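Written out below as structure tokens is the structure these notes cover.
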Amino acid sequence: MTRSIVLLCAALMMLMLLHLLVPLGPLLELRRTDPSLAALLFTELRLPRTLLAAGYGAVLGMTGAALQAMFANPLASPDITGSSSGAALGAVLGAYWFGIVDPLALAAFGAGGAGLALAALVLLAGRRSDTATLLLAGVAIALAAGAATSLLLALAPSPFAYYDSFEWLMGSFVDRSLPQAAAALIPAALACALLARRARALDLMALGEDVAASLGFPPRRLGIEVVVLSAIAVGACASVCGAIGFVGLIAPYAARRLSGGHPGRALVPAALIGAIMLVLADLAVRFAPAGRNIPVGILTTVVGTPLFIWLVIGMRQRMSGRLTS
């Protein structure tokens with residue numbers, strides 16, 4: 001397990017360095033002609049994009065693993081549970097209706113929207129719901145939040161709100177600043193650090209709520225903590241970068257293979273895998289035709305949808321095997 005984490009860290013560092021430097025030609029040419037402008041390009045455009053790609057990916061991976069452990073369901077993730085859509089709704093409400101431009105205040109609105117979405121999921125489906133109930137409740141919340149977001153944009157005081165926010169809604173790291181990166185990643189990092197401290201409690205929850213309670217981890221309080229911390233982390237990042245799907249589903253699935261099926265031990269590997277996935281995805285969209293910006297969320301959805309279908313089919317086959325045996 002430790003060796004796997006070291007290898008994942010090394011792979012992430014290499015990818016982040018590559019993400020900072022690619023494409024290298026224009027950066028070298030600009031450094032030769034105008035070193036100060038090259039430094040500005042590096043620190044004001046490329047560095048925030050790299051930090052946000054890695055940080056948001058880590059947030060999606062860790063929160064996805066924590067939510068899957070809490071709901072005892074491998075299909076629970078920030079996008080499927082509706083928390084990403086709720087965060088986008090909160091950010092749109094703050095930006096286009098309350099006129100908020102401060103990144104930290106927008107992060108608070110995003111966290112509030114994600115928290116309300118997760119609270120609604122717990123009320124509708126319960127913490128130990130079956131797969132079908134969780135999916136139906138999550139899809140309903142995500143659709144409702146998405147419709148509310150579109151309605152707020154359509155009725156916003158600015159007639160161009162919907163068109164201005166299209167790329168952001170699909171998930172993008174383009175033209176983000178260091179203050180925006182700080183507003184997203186500092187609250188998210190604190191929330192993820194607190195989530196990581198609950199790894200042992202989440203492992204005990206897999207043995208049963210009675211076992212966890214007997215060892216000093218009340219399930220109800222743990223569930224509230226996971227919901228609140230996940231909402232803060234996802235909401236802060238989504239308020240800056242938009243909603244990005246399927247990373248929070250696939251990264252924990254891969255991490256559980258490394259952790260021997262222990263949901264708590266999967267938190268850190270899931271964060272590293274999520275960061276690697278999103279840095280790779282953002283590297284890929286840079287090779288789009290000139291003048292065509294492809295939001296990174298579109299790529300993760302295109303790649304993640306078949307994997308999600310494969311995961312659902314595999315779960316269905318395992319359940320059918322249990323019923324027939």
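Tell me, what HN-Hα J-couplings in whole Hz come from the Karplus equation 6.51 cos²θ - 1.76 cosθ + 1.60 at θ = phi - 60° for each residue of the range 244-250, using x for Gly and Pro?
10, x, 6, 5, x, 9, 7
For the range 77-162, how big is the tail of P(r) above 15 Å, as a whole percent of Cα pairs?
56
Against the longest alpha carbon principal axis of the chain, how many degrees, from 0 to 90 and to the nearest 10, is the axis of helix 2-21 turned?
Taking the Cα atoms of the chain, the angle to 2-21 is about 20 degrees.
Can you give the Kirkwood hydrodynamic radius for the range 106-204, in Å, rounded to one decimal and based on Cα pairs?
About 16.3 Å, per the Kirkwood formula over Cα pairs.
Provide the net charge surrounding L178, with neighbours chosen by a C-beta distance below 14 Å and charges set as Lys +1, Arg +1, Asp -1, Glu -1.
Net of charged neighbours comes to +1.
Which of the chymotrypsin sites (Phe, Trp or Tyr not before Pro) found in the range 128-213 are loop residues per DSSP with 15 or fewer other Cβ atoms within 10 Å of their Cβ?
Of the chymotrypsin sites (Phe, Trp or Tyr not before Pro), the ones in loops of the range 128-213 whose Cβ has at most 15 other Cβ atoms within 10 Å are F160.
Could you list the chymotrypsin sites (Phe, Trp or Tyr not before Pro) in the range 1-103 that lie in coil according to DSSP, counting only those with at most 13 other Cβ atoms within 10 Å of their Cβ?
Answer in residue order: F98.
Over all directions, average the projected area of the Cα convex hull of the range 1-94 and note it in nm².
9.0
Using only Cα atoms, tell me the angle between helix 83-92 and the longest principal axis of the chain; keep it within 0 to 90° and round to the nearest 10.
With both axes taken from Cα atoms, the answer is about 40 degrees.
Can you pull the percent of the chain's accessible area that's carbon plus sulfur, 1.4 Å probe, other chains left in place?
That share works out to 71 percent.
Using the 2.2 N^0.38 Å rule of thumb for compact globular proteins, work out how the range 239-282 stacks up: its C-alpha Rg over that value, please.
Dividing the Cα radius of gyration by 2.2 N^0.38 Å gives 1.19.
Equivalent ellipsoid semi-axes for the chain, as square roots of 5 times the alpha carbon gyration tensor eigenvalues: give them largest first, rounded to whole Å.
Sorted largest first and rounded, they come to 33, 23, 18 Å.
If L178, L124, L202 are ordered by their accessible area, calculated over protein heavy atoms with a 1.4 Å probe, which sequence runs from highest to lowest?
Per-residue accessible area, sorted high to low, gives L124, L178, L202.
Helix-only estimate, please: 222 nm mean residue ellipticity of the chain, summing -39500 (n - 2.57) across DSSP H runs of length 4 or more and dividing by its residues, to the nearest 500.
Calculated from helices alone, the mean residue ellipticity at 222 nm is -24500 deg cm²/dmol.
Obtain the radius of gyration and the Kirkwood radius of the range 161-274 from its C-alpha atoms and give Rg over Rh.
Reported Rg/Rh (Cα atoms, Kirkwood Rh): 1.05.
Nearest 20 debye, what's the magnitude of the dipole of the chain about its Cα centre given +1 on Lys and Arg Cβ and -1 on Asp and Glu Cβ?
In debye, rounded to 20, the chain gives about 920.
Could you give the angle, 0 to 90 degrees to the nearest 10, between helix 47-71's Cα long axis and the longest principal axis of the Cα atoms of the chain?
10
Can you give me the three principal axis dimensions of the range 145-186 from its C-alpha atoms, in Å, biggest first?
31, 20, 17
Rounded to two decimals, what ratio of Rg to Rh does the range 222-325 give with C-alpha atoms and a Kirkwood Rh?
Rounded to two decimals, Rg/Rh equals 1.04.
The values are calculated or read from the model by the stated rules, or taken from the named source; none is laboratory data. Nothing here was measured: the structure is a model prediction, and the numbers come from that model. When we count neighbours, we look across all protein chains shown, and the Cβ atoms used for this are built from the backbone with ideal geometry, even at glycine. Calculation scope for accessible area: heavy atoms of the full protein, side chains included, ligands and nucleic acids excluded. Shrake-Rupley method; radii C 1.70, N 1.55, O 1.52, S 1.80 Å.
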